[in-house]
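Accompanying notes for the structure given below.
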Amino acid sequence: MKICIFGAASAHIDEIYIKAVEELGEKLAKRGHTLVFGAGATGLMGAAARGFKRGGAFVHGVIPEFFRDEQVEAIYGDCDKITYTKTMSERKFIMEEEAEAFIIAPGGIGTFEEFFEVLTLKQLGRHDKAMVIYNIENYYDDLERFMQTVTERKFITFKCNELYAGFDSDEEIINYIENYKGTGTTWQKLKIGD
């Protein structure tokens, strides 16, 4: 299965996050999965790639040309395939199309945007792929509380919170992804409710 991992590019985050994502990547690779990701060499992007490579998996990096040309961030040098895009939107589109499952590791603005875009597409019935938040060190606890508030105030239906799962262990993530059967819920129920 091709798995897309979204996560921080920052080189300044705590090692505990790096280690957790590297270990997850290696375990997924050893189970026969491959990686499609944003091609960054640092932060959790780099950690995911190193883990998958250590586990012997194929790694596909997707990154806009201006990241290379303007040296926005370091590009992971051991990608088996690298795709350069014109725009950020094209980058996301390729990752979203190729991926058969999504893991959202801790990250910043870019990761939040990627999570909400993939969640929106799932809510609109454009895909029914597994989506998992990797809640390392309770990083996403506040996001979960916010999503509950949004639901309670009826800005989204309660079923939207069933479109993804959150776990703090790699074994739970692997089990969820490998056994995911899809929601089977129509976009009408997700947008409008019962």
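Just so you know, all these numbers are worked out from the coordinates, no wet-lab data involved. Nothing here was measured: the structure is a model prediction, and the numbers come from that model. Ideal geometry is used to build each Cβ from the backbone, glycine not excepted, and the neighbour counts take in all protein chains shown.
Could you work out the local net charge near Lys2, counting Lys and Arg as +1, Asp and Glu as -1, over the other residues with Cβ closer than 9 Å to its Cβ? Present the calculation step by step, with values, prior to reporting the outcome.
Working: positive: none; negative: Glu98, Glu100.
Combined, the nearby Lys, Arg, Asp and Glu give -2.
Grab the DSSP H runs of the chain that are 4 residues or longer, score each as -39,500 (n - 2.57), total them, divide by all residues and round the 222 nm result to the nearest 500 deg cm²/dmol. Present the calculation step by step, with values, prior to reporting the outcome.
On the way: 8 runs with 85 residues, N = 194.
The helix-only estimate for the chain comes to -13000 deg cm²/dmol at 222 nm.
Say we join alpha carbon atoms closer than 10 Å with springs in a Gaussian network model of the chain; which of Leu163, Leu35, Leu143 then has the biggest fluctuation?
With Cα springs under 10 Å in the chain, the top fluctuation among Leu163, Leu35, Leu143 is at Leu143.
State, in angstrom, two size descriptors of segment 2-191 derived from its alpha carbons: Rg to one decimal place and Dmax to the nearest whole number.
16.0, 46
Between Thr83 and residues 5 or more places away or on another chain, which pairs have amide H atoms under 5 Å apart, with H built 1.01 Å from N, and which residues are they?
Gly61, Val62, Ile63
Got the relative contact order for the chain handy, in percent, Cα pairs under 8 Å and 6 or more residues apart?
Computed over the chain, the figure is 20 percent.
Using the structure shown, list the pairs from Lys27/Lys53; Lys53/Lys122; Lys81/Lys181; Lys129/Lys181 with a Cα-Cα distance above 20 Å, or answer none.
Lys53/Lys122; Lys81/Lys181
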